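The values are calculated or read from the model by the stated rules, or taken from the named source; none is laboratory data. Owing to the predicted nature of the structure, the values given are computational and were not obtained by experimental measurement. Neighbour counts run over all protein chains shown; Cβ positions are idealised from the backbone, glycine included.
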Amino acid sequence: MINEWVNKATDNLIDNIISVDAIDDDTDLVLANAVYFKGEWLSPFRYCLTRRDIFHRLDVSCVQAEFMSEYATQLVASVNGFKVLKLPYKPGRKEVESGPGKPSRGHTQYSMFIFLPDKKDGIATMVDVVTAAPAFMYGILDEMNKKYVFLKLPKFKITFNWEQLGDALNQLGLTLPFSLEAADLSGMYEEEENGGDND
């Protein structure tokens, strides 16, 4: 049922986010989320400027990769040890409520933020700075100024395994929901008289 919902919500692009054996008699709650996003850059990269170049990995090894390139005016901020660039997508359209029963068209604006350390081995320090202050992104927006830049961005693909989320949350200190002995999620749902859960 969950996979069917995700498949429909993502226009058949994601068909399986939870395996059958992930749910058993001890499962009290399933938290599921799916995002379907298809966007175009506000300033598209020209294919003729795509070039192969050297990409430096975290383990200091190097690999050849295709880099998208473009000259453009973008919002940029320089922080101690790294730079942040805001790369906007074309505004999207969505339904917004203008009154009772009166939907109107609205606009949404999404952007990708690209972080680049000044040093090849500066990623760990950069991550520490960004994650130490929850409001970091709000502050950096005020520091951004328009600059004409030559942007070179490697082509990449992002994947996520939701089953690793539990480990990540445990590392952040959120352990109770994953403990069979200590977890109490009864306040998040109501049980029907026949023992089932209300929808």
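Table for the structure above
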{"item": "Pairs with Cβ under 9 Å, 6+ apart, first in the range 58-73 and touching a residue at least 40 places away in the same chain (Cβ under 8 Å) and surrounded by 10 or more Cβ atoms within 10 Å (Cβ to Cβ), second assigned to a strand (DSSP E or B) and among the hydroxyl-bearing types (Ser, Thr, Tyr)", "result": "TYR71/TYR148; ALA72/TYR148; THR73/TYR148"}
{"item": "Close pairs from the range 17-43: first under 20 Å from TYR89 (Cα atoms) and at pLDDT 75 or above, partner among the basic types (Lys, Arg) and assigned to a loop (DSSP other than H, G, I, E, B), Cβ under 7 Å, at least 6 apart", "result": "GLY39/LYS90; GLU40/LYS90; LEU42/LYS90"}
{"item": "In the range 1-27, the residues that are among the charged types (D, E, K, R) and over 14 Å from GLY166 (Cβ atoms)", "result": "GLU4, LYS8, ASP11, ASP15, ASP21, ASP24, ASP25"}
{"item": "Yes/no for VAL20 being more than 22 Å from the chain's Cα centre (by Cα) and at positive phi", "result": "no"}
{"item": "Hits in the range 1-39 (condition: touching a helix residue (DSSP H, G or I) at 6+ places or on another chain (Cβ under 7 Å) and within 22 Å of SER111 (Cα to Cα))", "result": "ALA34, TYR36"}
{"item": "MET126 vs. criteria in contact with a strand residue (DSSP E or B) (Cβ under 7 Å, 6 or more places away or on another chain), part of a helix (DSSP H, G or I) and either loosely packed, with under 11 Cβ neighbours inside 10 Å or at pLDDT 85 or above (or both)", "result": "yes"}
{"item": "Lone unmet requirement of (1) modelled with pLDDT under 90; (2) outside any loop (DSSP other than H, G, I, E, B); (3) aromatic (Phe, Trp, Tyr) for PHE55", "result": "(1)"}
{"item": "Which numbered condition ALA135 fails, given (1) touching a Phe, Trp or Tyr at 6+ places or on another chain (Cβ under 6 Å); (2) at pLDDT 65 or above; (3) loosely packed, with under 13 Cβ neighbours inside 10 Å", "result": "(1)"}
{"item": "Members of the range 85-109 that are modelled with pLDDT under 90 and either acidic (Asp, Glu) or within 30 Å of LEU58 (Cβ to Cβ) (or both)", "result": "GLU95, GLU97"}
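Per-residue answers, yes or no, for (1) at pLDDT 65 or above; (2) surrounded by 10 or more Cβ atoms within 10 Å (Cβ to Cβ); (3) farther than 30 Å from MET1 by Cα:
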site	(1), (2), (3)
ASP142	yes, no, yes
LEU151	yes, yes, yes
ASN161	yes, no, no
ASN170	yes, yes, no
GLY173	yes, no, yes
GLY187	yes, no, no
ASP197	no, yes, no
